[in-house]
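For reference, the structure is listed below as structure tokens.
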Amino acid sequence: MFEEISEEIKNANKIVFVTGAGISQESGIPTFRGKDGLWRKYDAMQLATIDAFHANPKLVWEWYNERRMNIFAAKPNNGHEAIAELENYIDVVVLTQNIDGLHQRAGSSKVFELHGSIVRIKCTVCDYQNDVITNFEQIPPKCICGNMLRPDVVWFGEPLPQNVWRQAMIHASQCDVMVIAGTSLVVSPANTLPIYAKQNNAFLVEINPERTIMTSDMDYSVRDSSARVLPEFLSIFKS
Ligand code: BJW
Ligand code: ZN
């Protein structure tokens with residue numbers, strides 16, 4: 001099994017990782033749709049849309065505050081670290097749906113955050129945005145212009161940051177190997193990235209303990225956790 005993947009990775013010039021909540025699961029951050037996923041406990045439409053935010057900003061902010069505390073206390077795991085270390089051997093780009101910043105904290109230098117960042121906040125009206133890692137005294141926090149601040153994440157129905165998405169499509173179209181780790185691939189447009197890679201005849205590898213809706217489009221599926229499998233990818237270069 002591993003030999004075919006090893007050959008593809010060794011011969012690649014550029015490897016693109018498409019990551020999702022599952023890669024941070026072993027850092028103690030819950031997924032959305034998995035066994036203990038957030039969307040099993042909470043209604044996405046009441047927490048992750050702009051309408052929900054305007055209807056009940058306090059509720060949405062309380063939910064994000066709790067997640068911010070958990071994420072800030074979390075540490076990158078062996079999966080994040082292996083991807084970061086791969087940069088010593090090959091051109092690596094990370095296209096992540098995660099908002100937790102763990103790829104950057106692990107040391108990856110080319111990370112594109114498709115769904116924004118939980119560290120960053122922005123004004124709902126003016127251009128103000130800033131990174132904040134402290135608690136907010138007032139909920140919802142207010143901008144100096146008097147309007148509400150919100151987390152700079154992408155909610156359902158909102159467009160992805162255009163420049164980030166453009167770069168993501170370009171990198172996906174240029175890679176030789178795409179590794180899709182810890183994502184259910186149900187959310188668009190992020191789930192179209194493997195199609196861009198396939199158009200360049202890239203080798204597609206999925207790392208996920210469960211099947212996904214795109215498993216049949218993969219060249220290879222590894223049914224295991226990313227923190228276990230990704231260090232093995234790194235060992236291909238070390239051996
Ligand atoms: C492991 C593991 C381990 C576990 N190791 N693996 C119908 C109505 C309304 C909208 C739509 C609709 N149909 C389509 C849409 C579009 C919508 C969409 O895709 N919806 C689908 C759900 C149907 N998309 C959007 O709205 C996007 N915007 C858009 O399309 O804009 C168009 C537009 C253009 C121009 C102008 C205006 C608009 C935006 C999507 C934003 C998604 N936002 C969220 C929340 C972000 C902020 C936050 O975190 O609070 O992003 S939702 C949530 O899902 C989050 C994630 O990034 C995203 C993807 O989830 P992910 O990462 O795949 O996680 P899971 O939980 O689904 O999967 C985890 C996987 O890991 C599982 O497979 C496990 O098995 C695996 N796993 N342990 C490896 N140890
Ligand atoms: Zn403002």
Original post:
So which of 203, 136 ends up being touching a residue at least 24 places away in the same chain (Cβ under 8 Å), open to solvent by less than 50 Å² (accessible area, probe 1.4 Å) and not assigned by TED's automatic domain parsing to the domain that holds residue 4?
Top reply: 136
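Per-residue answers, yes or no, for (1) of a type in the set (Gly, Ala, Ser); (2) within 13 Å of the chain's Cα centre (by Cα):
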residue: 8; (1), (2): no, no
residue: 16; (1), (2): no, yes
residue: 23; (1), (2): no, yes
residue: 48; (1), (2): yes, no
residue: 62; (1), (2): no, no
Original post:
Which one of the conditions (1) near ligand 1 (Cβ under 10 Å from one of its atoms); (2) without any contact (Cβ under 8 Å) to a residue 12 or more places away in the chain; (3) farther than 16 Å from residue 70 by Cβ does residue 43 fail to meet, given that it meets all the rest?
Top reply: (1)
Original post:
Restricting attention to region 198-213, which residues are in contact with a strand residue (DSSP E or B) (Cβ under 8 Å, 6 or more places away or on another chain) and not in a helix (DSSP H, G or I)?
Top reply: 202, 203, 204, 205, 206, 207, 208, 211, 212
Subject >> Failed condition for residue 11, given (1) in the same structural domain as residue 123 (by TED's automatic domain parsing); (2) surrounded by fewer than 14 Cβ atoms within 10 Å (Cβ to Cβ) >> reply: (1)
Original post:
Can you name the strands (runs of 3 or more DSSP E) wholly within region 34-126 that have at least 3 residues being over 30 Å from residue 238 (Cα atoms) and at pLDDT 95 or above?
Top reply: 116-123
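Within the group 226, 221, which residue is free of Cβ contacts under 8 Å to residues at least 24 places away in the same chain and under 23 Å from residue 10 (Cβ atoms)?
221
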**OP:** Determine which member of the set 173, 235, 216, 188 is part of a loop (DSSP other than H, G, I, E, B), free of Cβ contacts under 8 Å to residues at least 60 places away in the same chain and surrounded by fewer than 19 Cβ atoms within 10 Å (Cβ to Cβ).
**Re:** 188
Subject >> Any pair with Cβ under 8 angstrom, 6 or more apart, that starts in region 144-163 at a residue that is open to solvent by 70 Å² or more (accessible area, probe 1.4 Å) and ends at one that is among the small types (Gly, Ala, Ser) >> reply: 156/44; 156/48
Original post:
Since residue 17 meets every condition but one in (1) modelled with pLDDT under 95; (2) open to solvent by less than 10 Å² (accessible area, probe 1.4 Å); (3) not in a helix (DSSP H, G or I), which condition does it not meet?
Top reply: (1)
Original post:
Of all residues in region 76-119, which are open to solvent by 30 Å² or more (accessible area, probe 1.4 Å), within 15 Å of the chain's Cα centre (by Cα) and of a type in the set (D, E, K, R)?
Top reply: 81, 105, 110, 113
Original post:
Any idea how many residues of region 53-101 are farther than 19 Å from residue 177 by Cβ and hydrophobic (A, V, I, L, M, F, W, C)?
Top reply: 12
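The values are calculated or read from the model by the stated rules, or taken from the named source; none is laboratory data. Computed from a predicted structure; not experimentally measured. Backbone-built Cβ (ideal geometry, glycine too); neighbour counts: all protein chains shown. Please note that ligands, DNA and RNA were not included when accessible areas were found on the heavy atoms of the full protein model with its side chains. Shrake-Rupley method; radii C 1.70, N 1.55, O 1.52, S 1.80 Å.
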